[in-house]
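Chemist: Let me give you the structure first, and then I'll get to my questions.
What follows is calculated from the coordinates using simple rules that are stated; it is not laboratory data. The model shown is predicted, which means the values in this text are computed figures rather than measured ones. Please note: Cβ atoms are built from the backbone with ideal geometry, for glycine as well, and neighbour counts cover all protein chains shown.
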Amino acid sequence: MRRIDWIAMSKTSRIPGFYKLSPEERLRIVAEFAGLTKEEMDLLRRFGGLDEATANRMIENVIGAFQLPLGIAVNFLINGRDYLIPMVIEEPSVVAAASNAAKMTRAGGGVFTMSTGSLMIGQIQVLGVKDPYRARFEILKNKDEIIELANERDPVLVKLGGGAKDLEVRVLESKVGPMVVVHLIVDVKDAMGANAVNTMAEAVAPRIASIAGGRFRLRIISNLADKRLVRAWTRVPPEAVGGKEVAEGIVEAWAFADADPYRAATHNKGIMNGVDAVVIATGNDWRAVEAGAHAYAARDGRYRPLSRWELDDKGYLVGTLEMPLAVGIVGGATKTNPLARISLKILGVKTAQELAEVIAAVGLVQNLAALRALAAEGIQAGHMSLHAKNIAVMAGAVGDEVDKVAEIMVREKCIRVDRAKEILEKLRKSGGVQPQER
């Protein structure tokens, strides 16, 4: 009996050498362990636009590819330029809502953006320093030497105009005593920057610890990229969103989020619906973006909305958004994943800064869509009509059955799988759907 067959039969997650196996061999083991059917195994074998060899290089222990829908949001006018926005997301109504709200912003000239550049922070933690404030001054005194040492690790980035640019030193009190934390400020240009920043932080850590008279521990990038901020704003006439009352309702909905972190969390989730969908489509690190966004939302000690909505003296609805956004167009999955490359081509962005500004614009527009729905017909109206189609499919509907079942459930305001099955059964018995339609 082959070793792989023995492993599969032993029903254990302790599988030595699993990483050395091919995706097909791993899949066989997992199938035996979990009791997967042939049909389920065949689904996992469908790598789609991401071929097996590429997927197997991107992460470890690959057995398949998990596909999500890729949609295109339309109507976006950003800084006077039209964009088609690729969005990868599983939630119904998000793409439609973004497209609809983007059309509203066009009435006021679209969305406008600006950003602070591509500076990232690498943190070096130094412990066991007896006189941390003196050490802080000593480190700052040797700033040029430390920056030069960092830049020796990435001459290509330096040649492109990037690299380590500055140094900040903080003294923190902690549960394990005082620590000196050095921030290495690196211009990462068109990359997200994690690899470059981490490499530089590791390179300078021994020298910093020596200067401080302590020992280094962590040397890693910070995902609170508050030196890489993106700002987006729009000014929309009230009639574009449904009138003066709806515009006022949007402001009141924002004020609720500003006053209450429970509401702010959902408010910001609506923003991230748009942000994450584009970040994923372009092969960027959505976990890093999420972490930075929520940390920034709580930067003053209280969690608040990332956006702000108000009415100007003419009654126009004015929305602004500010958040850290570390994304790249070179390196990582943005180059490895062919679908990410296609998404970047659809966007037509030339720099990481432009990509970040487009993403921020999408986030603001997505926020407008959610707040308008809340202030007008309610969030469920559009969302549930699309969700109903998913429920219909879950109930077994196919072809034209899907729309017919969904329509009835929405009309009844009863969107459940059990109800979908009842409707489907009645349709089929009454001949409401012809066999060829299925």
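Chemist: Under 18 Å between alpha carbons, and skipping anything fewer than 8 positions from Lys165 in its own chain: which lysines qualify?
Modeler: Lys141, Lys143, Lys189, Lys227
Chemist: When only alpha-carbon atoms count, how far does the range 182-253 stretch along each of its three principal axes, as whole angstroms with the largest first?
Modeler: 64, 26, 14
Chemist: Let's see if you can work this out: charge +1 on each Lys and Arg Cβ, -1 on each Asp and Glu Cβ, no other charges. What is the dipole magnitude of the range 180-236 about its Cα centre, in debye to the nearest 20?
Modeler: 140
Chemist: Could you grab the relative contact order for the chain? Cα pairs under 8 Å, six or more apart, rounded to a whole percent.
Modeler: Worked out over the chain, it gives 16 percent.
Chemist: Which of these, Asp190, Asp418, Asp166, has the largest mean-square fluctuation under a Gaussian network model of the chain (Cα springs below 10 Å)?
Modeler: Highest fluctuation among the options: Asp418.
Chemist: Write down the percent of antiparallel bridges among all DSSP beta bridges whose residues are both part of the chain, to the nearest 5.
Modeler: Numbers: 47 of 49 bridges.
Percentage antiparallel, nearest 5: 95.
Chemist: Taking only C-alpha pairs under 8 Å that are 6+ residues apart, what is the relative contact order of the range 119-221 in percent?
Modeler: 46
Chemist: In addition: For a quick check: sort Arg170, Arg263 by the number of other beta carbons within 10 angstrom, fewest at the front.
Modeler: Working: Arg170 12, Arg263 16.
Placing the least packed residue first, the sequence is Arg170, Arg263.
Chemist: Farthest toward the dipole's positive end in the chain, which of Val188, Ile85, Val204, given Cβ charges of +1 (Lys, Arg) and -1 (Asp, Glu) about the Cα centre?
Modeler: Val204
Chemist: Fewest first, what order do Phe137, Phe216, Phe66, Phe18 take by the number of other Cβ atoms within 10 Å? Mind showing how you got there, number by number?
Modeler: Details: Phe137 11, Phe216 22, Phe66 8, Phe18 16.
Final ranking by Cβ density, sparse to dense: Phe66, Phe137, Phe18, Phe216.
Chemist: Sticking with this one: In debye, nearest 20: dipole of the chain around its Cα centre with unit charges on the Cβ of K, R (+) and D, E (-)?
Modeler: Dipole of the chain, to the nearest 20 debye: 900 debye.
Chemist: I've got another one for you. Computed FRET efficiency, Cβ-Cβ of Arg217 and Asp418, R0 56 Å: what is it to the nearest 0.05?
Modeler: 0.50
Chemist: Around Lys143, what is the net charge, scoring Lys/Arg as +1 and Asp/Glu as -1 over all other residues with Cβ under 13 Å from its Cβ?
Modeler: With Lys, Arg at +1 and Asp, Glu at -1, the net is -2.
Chemist: Of Leu424, Leu84, Leu368, which has the largest mean-square fluctuation in a 10 Å C-alpha GNM of the chain?
Modeler: Leu424
Chemist: What's the local net charge at Ala264, with K and R +1, D and E -1, over the other residues with C-beta under 10 Å away?
Modeler: Spelling it out: positives minus negatives among the neighbours equals +2.
Chemist: As I understand it, the value is the acute angle between the Cα axis of helix 23-34 and the longest principal axis of the Cα atoms of the chain; what does it come to in degrees, rounded to 10?
Modeler: Taking the Cα atoms of the chain, the angle to 23-34 is about 60 degrees.
Chemist: Any idea what log10 I(q)/I(0) is at q = 0.12, 0.15, 0.17, 0.23 Å⁻¹ for the range 3-58, Debye with uniform C-alpha scatterers and no solvent?
Modeler: For the requested q values the scattering log ratios are -0.29, -0.46, -0.58, -0.95.
Chemist: Another question about this same structure. Sorted from largest down, give the three principal axis spans of the alpha carbons of the range 119-221, whole angstrom values.
Modeler: 40, 25, 17
Chemist: Taking the Cβ of Gln366 as the centre, find all other residues whose Cβ is under 14 Å away and add up their charges (Lys, Arg: +1; Asp, Glu: -1).
Modeler: Values: positive: Lys103, Lys269, Arg372; negative: Glu91, Asp276.
My count for the surroundings of Gln366 gives +1.
Chemist: Any chance you could give the angle, 0 to 90 degrees and rounded to 10, that helix 286-297 forms with the longest Cα principal axis of the chain?
Modeler: For helix 286-297, the angle is close to 70 degrees.
Chemist: Another question, if that's okay. If you place +1 on the Cβ of every Lys and Arg and -1 on the Cβ of every Asp and Glu, how big does the dipole about the Cα centre of the range 3-58 come out, in debye to the nearest 20?
Modeler: 280
Chemist: A further question on this structure: Take every Cα-Cα distance within the range 261-354, group them into 5 Å bins from 0 onward, and report for each bin the whole-number percent of pairs it holds.
Modeler: Calculated P(r), rounded to whole percents: 3, 13, 20, 19, 15, 13, 11, 5, 1, 1.
Chemist: Any idea what the relative contact order of the range 170-303 is, in percent, if you count C-alpha pairs under 8 Å spaced at least 6 apart?
Modeler: Relative contact order for the range 170-303 comes out at 17 percent.
Chemist: May I have the extent of the alpha carbons of the chain along their three principal axes, as whole Å values ordered from largest to smallest?
Modeler: Principal extents (Cα only, largest first): 85, 80, 42 Å.
Chemist: Out of Gly242, Val230, Gly270, whose Cα points farthest toward the positive end of the dipole of the range 224-276 (charges: +1 Lys, Arg; -1 Asp, Glu; placed on Cβ)?
Modeler: After comparing all options, I get Val230.
Chemist: In a GNM of the chain with a 10 Å cut-off on Cα contacts, which of Ile121, Ile280, Ile346 has the highest mean-square fluctuation?
Modeler: Ile346
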